[in-house]
Each structure stands twice: as structure tokens, then as C-alpha cells.
Amino acid sequence: STKCEGESMTEALKDIYIEEKIDIYLLLLKIGANLAGYKMIKSCVIKIIKDNTKKFRMRKNLYYEIACENNISPEDVDRLMRHAVKVSFKRDGLADFERQYDIEFSKERPSPRELVCVLAELYAIGKH
């Protein structure tokens, strides 16, 4: 019984660690927690970190899953994330993030899908 409790505690700590790292990424991107897109991006990244196959067919599957959890439409998930990316772009958060992590997005302003996948990948390769 103790072993099971220890395992769940380890999982809980891992979840907290993942959330904190994603919060740091979003802070560096200058995406405020007051934006609804912040929560959507964070949820997407966490789900992809936990199951890498979720990055495929994101709009069809992952956006739908997050929409159901938040009682909104998949289109709203996309729109809210696009708005958060736009805010980051206007605040030079994307450029600062690229310099900080020595990466380059495919365009000056990435799609929500690209941003989410890049964040999940950075976490996966250990660039915290």
C-alpha cells in the first residue's frame, strides 16, 4: 500500500514540475495568465508532454478534448490561443523566447500548433 501512495506522490510532484516549467515558458513569452489562451496553451502542452501522440491531428482531437473540459467550442480554443500568440508577438515575447532558447519559429508569428509543439519539445529535451 505504501508503494502505491509513493508512486502517486511522485506523479503529483511530476505534474507540479511540468506545470511550473510551462508557466515559466509562458512568462518568458509574455503571455499573461489573465488571458484565456494562456490556459488553453498550457493544457495543450501538458497533454502532449504526457502523450506525445496528441500532437497529431491537434485541431480535430486535442482542441476538442480541451474544449469539452472548458465548456467551449474547439474553434474557441484555437481563437483564444491565436490571440495569446498575437499578444506575445506584440510584446516581443516570441523574439525574446527565441533568443533565450536559441530556437527559431518557422514564421515571425507561429501558429498555436507550432508554439504548443515547440514548448512540449523543449520540455522533452530538457531545456528548462
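Each reported figure results from applying straightforward, stated rules to the coordinates on display, with no laboratory input. None of the values given here were measured: they were computed from a predicted structure. Here the Cβ is made from the backbone with ideal geometry for all residues, glycine too, and neighbour counts use every protein chain on show.
Miscellaneous remarks
- Within a straight-line Cα-Cα reach of under 24 Å, K14 can be paired with the following lysines, leaving aside sequence neighbours fewer than 8 residues apart in one chain: K3, K39, K42, K47, K50, K54, K55, K127.
- Read-out log10 I(q)/I(0) by the Debye sum over Cα atoms at q = 0.14, 0.16 Å⁻¹, derived from the coordinates shown; its label in (1) -0.70, -0.81; (2) -0.89, -1.02; (3) -0.60, -0.77: (3)
- Under 12 Å, Cβ to Cβ, from I18 - net charge with Lys/Arg +1 and Asp/Glu -1: 0
- Considering only Y25, Y38, Y17, the mean-square fluctuation computed in a Gaussian network model of the chain, springs between alpha carbons under 10 angstrom, is largest for Y17.
- Calculated FRET value between E65 and K107, using beta carbons and R₀ = 30 Å, to 0.05: 0.70
- Considering only N61, N71, N52, the mean-square fluctuation computed in a Gaussian network model of the chain, springs between alpha carbons under 10 angstrom, is largest for N71.
- Positive contributions from Lys and Arg (+1) and negative ones from Asp and Glu (-1), summed over other residues with Cβ under 14 Å from the Cβ of R57, come out at +3.
- At an R0 of 30 angstrom, the distance between the Cβ atoms of I125 and K86 translates into a FRET efficiency of 0.65.
- Among K86, K39, K50: highest mean-square fluctuation, GNM of the chain, C-alpha pairs under 10 Å: K50
- Anisotropy class assigned to the range 54-128 is oblate, per the alpha carbon gyration tensor with a/c at or over the 1.5 cut-off and a/b no larger than b/c.
- 16 Å cut-off, amide nitrogen to a point 7 angstrom out along K14 Cα→Cβ, residues in the range 23-52: 46-52
- Charge tally in the Cβ shell below 10 Å around V116, where Lys, Arg are +1 and Asp, Glu are -1, V116 excluded: +3
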